[in-house]
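The values are calculated or read from the model by the stated rules, or taken from the named source; none is laboratory data. Quantities reported herein were computed from a predicted structural model and do not represent experimental measurements. Here Cβ is always computed from backbone atoms with ideal geometry, including for glycine, and neighbour counts include all displayed protein chains.
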Amino acid sequence: MNPSDPQAQYRVEREPWYRPVGKELAQFEAAYAARLPMMLKGPTGCGKSRFVEFMAWRLGRPLVTVACNEDMTAADLVGRFLLDRDGTRWQDGPLTTAARIGAICYLDEVVEARQDTTVVIHPLADHRRVLPLDKKGELVHAHPDFQLVISYNPGYQSLMKDLKQSTRQRFAALDFDYPEPAVEAEIVVHEGGVARALADRLVQVAARSRNLKGHGLDEGISTRLLVYAAALIAKGIPAQDACQIALVRPLTDDPDMRDALDAAVATFFP
């Protein structure tokens, strides 16, 4: 990393491939122009993270991504004092780094973090655009180019893992979902390296699984998993085996549900 360019390691150097499915590009660009914090809502593997990466590239902004989890503390986000041979030194966390350098900070699956952790984003996500570093006694004013983006899957969260209204109402929101079949097949062709006819059949398997959501499955097969299956097929794995490895086995351990999904696979890949 070039020490004179703090943004260097966070730049998205190559254009990520993203297939727009609606008005999301123009809507996000307008939100960024207004420096509105954004919330992306949608099921697992539908393209939220790829979209953020693409928009960071499109806008020419560095991107700092945080994969949220239940063990993440506020210090993991904002920073902490560390001990070394010279004594103590302050180490900025990813949220603080993004606010200082004017990056897009993407908190992926934000509801996985504890609520006492996520409240630290509140002063950055309203008109103040500041981040108090209480342990350091510093008030960080966000760079003019800074934007906060969060994502989560509203269909998979329990009441114990949901965003509080005090957090929700600091964000504008975009809804994401799995694409229409023709678009999803186009994505599978491009990302998985298979022929269109095969991609169409994979998408049909996914549609069958999504009809089972709430009837034995928490989630249906995602676009991401379809790409995994296609990539295995492109590397010479037989289609049924690839579907079992990438589509059925990751989704459930329930024997009856696995049998139902295997039957769906056999319908389209006899």
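Which numbered condition in (1) in a helix (DSSP H, G or I); (2) in contact with a Leu (Cβ under 9 Å, 6 or more places away or on another chain) is the only one that A75 fails?
(2)
Filter segment 130-142 down to the residues that are surrounded by 15 or more Cβ atoms within 10 Å (Cβ to Cβ) and assigned to a loop (DSSP other than H, G, I, E, B), then identify the one that is modelled with the highest pLDDT.
The residue in question is A142.
If you go through segment 2-51 one residue at a time, how many are farther than 22 Å from E112 by Cβ, among the hydroxyl-bearing types (S, T, Y), under 18 Å from the mean Cα position of the chain (by Cα) and in a loop (DSSP other than H, G, I, E, B)?
1
Hey, L82 hits all of (1) surrounded by fewer than 18 Cβ atoms within 10 Å (Cβ to Cβ); (2) of a type outside the set (K, R); (3) at pLDDT 95 or above; (4) touching a strand residue (DSSP E or B) at 6+ places or on another chain (Cβ under 7 Å) but one; which does it fall short on?
Condition (3) is where L82 drops out.
Is it the case that segment 154-175 has a residue that's surrounded by fewer than 20 Cβ atoms within 10 Å (Cβ to Cβ) and under 25 Å from A231 (Cβ atoms)?
yes
With the requirement that a residue be surrounded by 20 or more Cβ atoms within 10 Å (Cβ to Cβ) and either over 12 Å from A103 (Cα atoms) or among the β-branched types (V, I, T) (or both), what does segment 60-78 give you?
Those that are surrounded by 20 or more Cβ atoms within 10 Å (Cβ to Cβ) and either over 12 Å from A103 (Cα atoms) or among the β-branched types (V, I, T) (or both): V64, V66, C68, A74, L77, V78.
With the condition kept exactly as written, say whether any residue in segment 146-169 is of a type outside the set (S, T, N, Q), over 22 Å from A56 (Cβ atoms) and assigned to a helix (DSSP H, G or I).
Yes; the residues of segment 146-169 include at least one that is of a type outside the set (S, T, N, Q), over 22 Å from A56 (Cβ atoms) and assigned to a helix (DSSP H, G or I).
Run down G155, G192 and say which single residue is among the small types (G, A, S), within 20 Å of the chain's Cα centre (by Cα) and modelled with pLDDT under 95.
When all the criteria are applied, what remains is G155.
Condition test on W57, is it part of a strand (DSSP E or B), surrounded by 12 or more Cβ atoms within 10 Å (Cβ to Cβ) and in contact with a strand residue (DSSP E or B) (Cβ under 9 Å, 6 or more places away or on another chain)?
No: the conditions fail for W57.
Considering each residue of segment 82-119, count those that are part of a strand (DSSP E or B) and touching a helix residue (DSSP H, G or I) at 6+ places or on another chain (Cβ under 9 Å), and give that number.
Qualifying residue count for the region: 6.
When the residues of segment 96-129 are narrowed to those that are at pLDDT below 95 and among the hydroxyl-bearing types (S, T, Y), which ends up nearest to A74 (Cα to Cα)?
T117
Does at least one position in segment 208-223 carry a residue that is outside any loop (DSSP other than H, G, I, E, B), modelled with pLDDT of 95 or more, at negative phi and touching a Cys at 6+ places or on another chain (Cβ under 8 Å)?
So far as segment 208-223 goes, yes, one or more of its residues are outside any loop (DSSP other than H, G, I, E, B), modelled with pLDDT of 95 or more, at negative phi and touching a Cys at 6+ places or on another chain (Cβ under 8 Å).
Please find, among H127, H122, the residue that is part of a helix (DSSP H, G or I), more than 19 Å from the chain's Cα centre (by Cα) and either among the small types (G, A, S) or over 23 Å from V12 (Cα atoms) (or both).
That would be H122, the only listed residue that is part of a helix (DSSP H, G or I), more than 19 Å from the chain's Cα centre (by Cα) and either among the small types (G, A, S) or over 23 Å from V12 (Cα atoms) (or both).
Does L247 satisfy the criteria of being among the aliphatic types (A, V, I, L, M) and closer than 23 Å to R19 by Cβ?
Judged against the criteria, L247 is a match.
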